[in-house]
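S.K.: Next up is a structure, given as structure tokens.
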Amino acid sequence: MSVDFRVNRTRMSELRQLAEDFVSVQTELRASVLSTLCILLDVGTLIDLCEAGQPDKALSVSQQLRLIPLDLDQVPVIVGEFHLVPQKVREVIPDLCLHLMRCMVDAIRSATNPTASYVKQVKAIVVYAATVNYKFPQHITSKLLQLQATVAV
């Protein structure tokens, strides 16, 4: 494991603990702020799982979050619900898509017989990024397409 990766994980753990401590002492925190904070903590957990190379757990957390579709059938539903996603969460969705894509592509490459759910998620991420009403940064869109091309799905 690289030093940068360890430092990143440590910072993420510290941030998560700080947020949990903050929430526990707040008595008048608005429900919407608390909800957004909890979603962002879950996104951080999902990114940690992706970086740790745990695609099955990442898929499970992604399924619970319902921010990114797991297969093509879910794309219209998740796109339709996008307006319900808090703005602060929307801002991290492009990066989350990239982390998930890398995780799934790495899992496909390393497996002799790739799991169908990984392939479905790769396809769904690309279609989602193209159809959701949110402008993904060009470098992320390019990287998503490059990663998809490397596994030819």
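S.K.: By the gyration tensor of its Cα atoms, with a ≥ b ≥ c the square roots of the eigenvalues, what is the shape of the range 27-68: rounded for a/c under 1.5, prolate for a/b over b/c, or oblate? Mind dumping the intermediate values first?
M.R.: Working: a/c = 4.11, a/b = 2.38, b/c = 1.72.
It is prolate, given that a/c is not under 1.5 and a/b is the larger ratio.
S.K.: Which loop-located trypsin sites (Lys or Arg not before Pro) does the range 85-153 contain, where loop means any DSSP state but H, G, I, E or B and the Cβ has at most 15 other Cβ atoms within 10 Å?
M.R.: On the way: sites: Lys88, Arg90, Arg102, Arg109, Lys120, Lys123, Lys135, Lys143; in loops: Lys135.
Sites meeting the loop and neighbour criteria: Lys135.
S.K.: Something else about it: Treat each spin label as a single point 7 Å out from the Cα along the C-beta direction, and report the Ser13 to Val92 distance in nm.
M.R.: Going by the 7 Å Cα→Cβ label model, 1.8 nm.
S.K.: What lysines could a cross-link reach from Lys143, if we take a straight Cα to Cα line under 19 Å and drop same-chain neighbours fewer than 8 places away?
M.R.: Cross-link targets: Lys120, Lys123, Lys135.
S.K.: Right, here's the next one. Given the Cα-Cα distance of Glu20 and Ser142 and 0.36 nm per residue of separation, how much length would full extension add, in nm? Write down the numbers at each step before the final one.
M.R.: Numbers: separation 122, 0.36 × 122 = 43.92 nm, distance 3.53 nm.
This chain segment gains 40.4 nm when fully extended.
S.K.: From the Cα gyration tensor of the chain, with a ≥ b ≥ c the square roots of its eigenvalues, which class applies: rounded if a/c is under 1.5, or else prolate if a/b is larger than b/c, or else oblate? Spell out each step's value before the answer.
M.R.: Values: a/c = 2.04, a/b = 1.36, b/c = 1.50.
Judged from the Cα gyration tensor, the chain comes out oblate (a/c at least 1.5, b/c at or above a/b).
S.K.: Another question about this same structure. At most 15 other C-beta atoms within 10 Å and a DSSP loop state: those are the exposed GluC sites (Glu not before Pro) I care about. Give me the longest piece of the chain that has none. Each step should come with its number before you reach the end.
M.R.: On the way: sites that count: Glu28, Glu81, Glu91.
Formally, the longest exposed-site-free interval is 92-153.
S.K.: Subtracting the Cα-Cα distance from 0.36 nm times the residue separation, let me have the gained length for Asp56 to Val77 in nm, one decimal. Walk me through the numbers before you get to the answer.
M.R.: Numbers: separation 21, 0.36 × 21 = 7.56 nm, distance 2.23 nm.
The span from Asp56 to Val77 would gain 5.3 nm if fully extended.
No value in this document is a laboratory result; all are computed from the given coordinates. Predicted, not measured: the structure shown is a model, and the values here were computed from it. With ideal geometry, Cβ positions are generated from the backbone for all residues, glycine too; neighbour counts draw on all protein chains shown.
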